[in-house]
C-alpha cells in the first residue's frame, strides 16, 4: 500500500453536482491557514470564455427557455470539502468557488432592470433572523462582497491582497462578459449555468482524509506541459546529438526566461506566436462548427504543429533546427519584451501598457504578426509601436462608442487583422493601419452620448486617466500614469461627478430622476480626484466643489473649472493657444455648461488618440470632426484599387442573405443586388441592412405614408429607449429625421464591402443584431399602431 493510503479512509462522498445543487442555500467556510484568493485576470477570462463559449455552442435565437434543458453539459472541475465543527470547509476549490460567487453577483446585478429575471440570490447569500451571510462565508471578504452585490465600487484603502483581488476580479468579469450574452440570451445562460454546469464535490469527514484526497489528486505523477511535449516532438526529429543539445539548450533558456515574466507565459507565448504568424483559420460562430487553427493552437498547439509541419517548414532536420534556433529564439525574445512592457511603461511602447491596463488580452498576438526574424532592431521597435498605437486608438474609439472590447466579441476581428499584418514592412504597416483607422466608423465626436454606467467603470476611468495625464504632461505638471491608474495605493484616484447626486437641485432641467441620472453620468460631467477629496465633496454644491478642485486637486483638468487655473500659468495658456482646445472656467455648471465641457473632452480625446501617431512623417494636429454626426464612409475613395462598388456589394449581399436565411425568414424572399440598402417590409415598416465601405448596419426604417405617423411611432419608441436598449444589450442610433418623412433606428458595426476579410464578422454581427431588433421592436410597433 502506498504512502497516500497507509491509513484507511473514513466515509467519503463524491458525486457530480450542478452549480445550483452545490451553492443553493449552502454554507462553506475556509480555514484561516488556507491561501488567499489569488486568481488573476487570466484565470477569470479563461473561465468566462469557457463557460460562455460552451453555452453559445447550443444557444440559438428563437429557442424557448425550456429548450435550455436539452443543451449540453459542462464539467468545471472538482472541489474537496471537509466536515468539522458542524461546518463544511473548502480544502480545494476556493479559487473557483469564489469566482463563481462573483459571477453570480454580476449576473444578479446585470438583471436589475429586466422584466424577465432568474433569481440567483439564494446561491450567493442567505438570511436568518434578519442577518445576511454569504454562502462562501469568509468574514474578511464580507464587506467587499456586500458592496459589489449592491452595485457599488468598494473602498479598498488598507485592504489586504485577497479583498483587493476580489474587487479586481469582479471588474474583470464585467470587462470580459460577452455583450451578446448580456442581451436577450441572458436568462438562458443563467439557466444553463445553474442546471447544466457541474462540479464533482468530494466530501470527507476529517481534514486528514480531505488532504489525502487532495494530495492524491494533485501530486501523483508529473504531467508534461504542452511546451515540453512540443519540445519532445522537435528533438525527436533532430538526429545529430550536438544539434539536439544546442536546440535543447536554446529551448530551456527561452522557457526559463518566459517563466520569469510569469507562471504561464511559456504556454501563452506559443499560443500568441503561432496564432500571430501561422494560423489561417478560425472557428465560425455557429452551432456545431469545428475548431480551426485558432482554437487548436489555444488548446493543443503541440499536436497542431505536428499536423501543420509542412506549412511550418518542418520538412527535414534543418527545418526543426531553424524552428527553434531562428524562429522560437527571435519570437520568444520579442514576446518577453512585449509582456514586460505590458506591466511597466516603456518609452516608445507606452501603448502596450495602456492596452494591458484596459484588460485587452489579444494585443500580443497582433503585435507579433508583422515581425520577422530578419527585421533589424529599429524595424522591430517601430512595428511594435505602430501596432500598439493602432490598438490604443481603435480600442478608445470603440469604448467611447459603447462597443465592447471583450475577448469573445473582438477575437474574430483581431484574428483577421493579425493575418493582414503579416509580411508588411514598416512603411506598408504604417499605411495599412492608418487606413484602417480612417475607415473606422467609431469616433469621439460621433458619439456625444458617452457616459458612465454600471458595466464600464474601468473603461471610463481609463479614459479620464488618459485625458488628465495628457493635459498635465503637455503643461509640464508632474503626472504619472501608474499613480493615476492604481487602485491599490493609499489614496487612489476615483471618478468624481461634478453634479452631486441630488435630483431636487436639477428639477428645472430634468422631469424625471432617471433623466438626471443619465445626464449626470455623461463624460463631460466627470473628473478624476483622489479618494478623500472625492468623498469629502459628496453632496456639495458646484461652487464648493469648484473651489476644492482649485485648491486640493493636483490635476489641471479638474482645476480648469476654476478661474485660478488660468492665472499665472503660461504653460497652460500656451497649450490652449497651440491646440485651440475650448477650456474655460464656469461660475455655474448646468446642462449647457456640461455640454460645453463634453466638447472639450472630445477635442482632448482627438489629441490623445491622434491617428497621425501612425504616420512615418511625424504627428500632426488632429482634424476635428463635427460633433454628433455619424461618419459617412460611403464614398468612391479607393474603390478602383480594391474592387468595383457594385460587384463588391453584390457579393457581400449574397453572403449576408445566405447567413440571414439560416437565422430567420425575414429576408428569405429578398435577392442580392448592387445597392447599398437591402430591405424586407412587414406590417408597413422596413427591416433594412445597409453596407458602406467600412460599415454595416441593421435598422428599423419607419416609412408609413404619413410623416406624422412615423414621427409619432418613433417618439413612442424613444420614450421606451432605456428598456429597448437594455433588452438589446447595446445602445442604438435614433434618427428622427425631422426634415424627412421617414425615421430610422439601428446599429452600426465595423466592416463593409471594401475589404473582403471584414465581411464575415460584419455579417455575423449585423444578422444577429437584426434578429434581436425584430424580436424587440416588431411587437412594439404593432402595439403602437393598434393604439392609434
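Since every read-out is calculated from the coordinates, none of them should be taken as a lab result. Computed from a predicted structure; not experimentally measured. Neighbour counts run over all protein chains shown; Cβ positions are idealised from the backbone, glycine included.
Take every DSSP beta bridge whose two residues both sit in the chain, then give the antiparallel share in percent to the nearest 5. Given both bridge residues lie in the chain, the antiparallel proportion sits at roughly 80 percent. Scoring 505-514, 159-168 by mean Cβ neighbours within 10 Å over their residues and listing the highest first yields 159-168, 505-514. The packing ranking, built from the mean of other Cβ atoms within 10 Å per residue, places the peptides 663-671, 356-364 in the order 356-364, 663-671, highest first. Helical content alone sets the calculated 222 nm signal of the chain at -15500 deg cm²/dmol, taking -39,500 (n - 2.57) per DSSP H segment of four or more residues and averaging over every residue. Label residue 720 and residue 449 with points 7 Å out from Cα along Cα→Cβ: what is the distance between them in nm? So the two model labels end up 1.6 nm from each other.
Let me have the relative contact order for the chain, percent, based on Cα pairs under 8 Å that are six or more residues apart.
11
Please work out the Cα center distance from the stretch 258-324 to the stretch 428-488, rounded to the nearest Å. So the two Cα centres are separated by 33 Å.
Only Cα pairs under 8 Å and 6+ residues apart enter the sum, and on that basis the relative contact order of the stretch 640-787 stands at 25 percent.
Could you sort 441-447, 620-626 so that the peptide with the highest average Cβ count within 10 Å comes first and the rest follow in order?
Details: 441-447: 21.4, 620-626: 12.7.
Going by the mean number of other Cβ atoms within 10 Å, highest first, we get 441-447, 620-626.
Taking a ≥ b ≥ c as the square roots of the eigenvalues of the Cα gyration tensor, an a/c ratio of 1.5 or more together with a/b larger than b/c marks the stretch 226-439 as prolate.
R0 = 56 Å: FRET efficiency of residue 480 with residue 240, Cβ-based, nearest 0.05? List each step's numbers first, then the result.
Numbers: r = 53 Å, r/R0 = 0.95.
Working from the Cβ atoms, E equals 0.60.
Dividing the mean sequence gap of close Cα pairs (under 8 Å, 6+ apart) by how many residues the stretch 457-614 holds gives a relative contact order of 24 percent. Here residue 540 and residue 290 are evaluated by their C-beta separation; at R0 = 56 Å the FRET efficiency comes out at 0.40.
In terms of the Cα gyration tensor, with a ≥ b ≥ c the square roots of its eigenvalues, is the stretch 429-571 rounded because a/c is under 1.5, prolate because a/b exceeds b/c, or oblate? Oblate is the answer for the stretch 429-571, as a/c is 1.5 or above yet b/c matches or exceeds a/b.
Once you sort the root eigenvalues of the Cα gyration tensor of the stretch 53-174 as a ≥ b ≥ c, which label holds: rounded (a/c under 1.5), prolate (a/b larger than b/c) or oblate (the other case)? Taking the square roots of the gyration eigenvalues as a ≥ b ≥ c, the stretch 53-174 is prolate.
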